[in-house]
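Enquirer: Got a structure here, written out as C-alpha cells. Questions coming.
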C-alpha cells in the first residue's frame with residue numbers, strides 16, 4: 001500500500017492497543033470486559049497487517065510468541081476459575097466501591113480473559129491471511 | 001425452482017416470522033419481573049457481595065462463571081482447529097507440490 | 001416495549017433464514033448464519049427492557065434507586081457468550097470452505113452435490 005497508509009497505520013497502532021488495554025482493565029466499572037477489549041486489540045494488528053503485508057509483519061512481530069501467550073493465558077484462566085473461591089479474600093479489598101482497585105477478583109479475570117480472546121483472534125487472522133501469499 | 005417461487009417463499013417466511021415475534025411480546029406475562037426473580041437477586045446483592053460497579057461483569061464471571069469457562073474452551077478449540085487445518089494447507093512446499101500435480105485446483109483467484 | 005427492536009430483529013431473522021436455505025454459494029450461506037444469529041441476539045436483549053430505565057452500572061448517584069430503575073442484566077451476559085461462540089463457528093466454517101475449494105475447485109453447493117469421490 002502507499003506511503004501515507006503505511007505511516008498512518010504505524011502511528012495509530014500503539015494508540016489502538018492502549019485503548020484496548022483500557023477497555024479490558026476497566027471491565028468492572030465501565031461496560032466492556034474481555035471480548036470488546038480483545039477485539040479492539042486484535043483490530044490494531046489487523047490494520048498493521050493490511051497496510052504492510054504479511055511478510056513484513058511476520059518479521060516485525062514474532063508469531064511463535066502468540067502461540068505461547070495463548071497457552072499460558074488459557075492455563076492461568078482455568079486455574080483462576082477453579083480456585084477463585086479460595087483466592088478471593090487474599091487478592092483485592094472489597095470495602096472501596098467505584099474505584100479501580102475494587103471488585104475482588106474481577107480485574108484479574110478480565111486481564112487473563114482479554115489476553116485469551118486477543119491471541120485467539122490473532123491466530124485465526126494470521127492463518128487466513130497467509131492464504132494469498134506469493 | 002424459478003425465481004418468482006423463490007422470492008415469494010422468502011417473503012412469506014419473513015412475514016410469518018415477523019408477525020410471530022412481534023405478537024409474542026405483547027403477552028403481559030413476559031414484561032413484568034420484580035425483586036423476587038433471579039435478575040432482582042443479581043441486581044440487589046451483586047454489588048454488595050463483590051464491590052464491583054458493573055452488574056453484567058459480576059454475572060459473567062462470578063454467578064455464571066462456568067459458562068464463561070465453556071465459552072473460552074470453545075474459542076480456544078476453534079483457534080486450534082483453524083491453525084491445524086490452515087498450517088497444513090498454506091505452507092509454501094505444499095502449495096508448490098500441489099500445483100505441480102493438479103494445476104486447476106491450486107489457483108487462487110486474483111481480486 | 002421497544003417496537004423498532006422487535007421488528008428489526010424479526011426482519012434480520014427472516015433474511016438470514018432465506019439466505020441459508022435458498023442461496024447456493026457456500027460463503028453466502030455462512031453470511032446468512034451470521035445475520036440471523038445477530039437478529040436473535042437483538043430480540044433476546046430487547047426482552048429485558050424496562051420503561052424509564054438506566055443501564056446496569058452502579059455509580060455514586062444512583063445507588064439508592066438502582067434495583068427499581070435498572071435494566072435486566074441477565075440476557076446481556078448470555079448474549080455475550082453467544083456472540084463469541086458464533087464467531088468461532090464462522091471462523092471454522094470459513095477455513096473448511098477454503099479447504100473444499102482447494103480440493104474440489106468449486107464452492108457452489110449445486111455442483112458439490114453431484115461430485116463423486
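Coordinate-derived values only; no laboratory data. What you see is a predicted model; the values in this text were computed from it and never measured. Because the Cβ atoms are built from the backbone with ideal geometry, glycine has one as well, and the counts that use them run over all protein chains shown.
Enquirer: Gaussian network model of chain C, Cα springs within a sub-10 Å range: biggest mean-square fluctuation belongs to which of C:14, C:39, C:105?
Expert: C:105
Enquirer: Just to be sure I understand the curve: with the Debye formula and one point per C-alpha of segment C:3-113, what is log10 I(q)/I(0) at q = 0.13, 0.19, 0.22 Å⁻¹?
Expert: One equal scatterer on each Cα of segment C:3-113 leads to -0.64, -0.99, -1.15.
Enquirer: If you rank C:65, A:9 by fewest surrounding Cβ atoms within 10 Å, what's the result?
Expert: Going from least to most buried by this count: C:65, A:9.
Enquirer: Oh, and also: Can you sort C:19, B:13 so the residue with the fewest Cβ neighbours within 10 Å comes first?
Expert: Ranking C:19, B:13 by Cβ neighbours within 10 Å, fewest first, gives B:13, C:19.
Enquirer: Then there is this: Pop the C-beta distance of residue A:2 and residue C:94 into the FRET formula with R0 = 35 Å and round what comes out to the nearest 0.05.
Expert: Once rounded, the FRET efficiency stands at 0.75.
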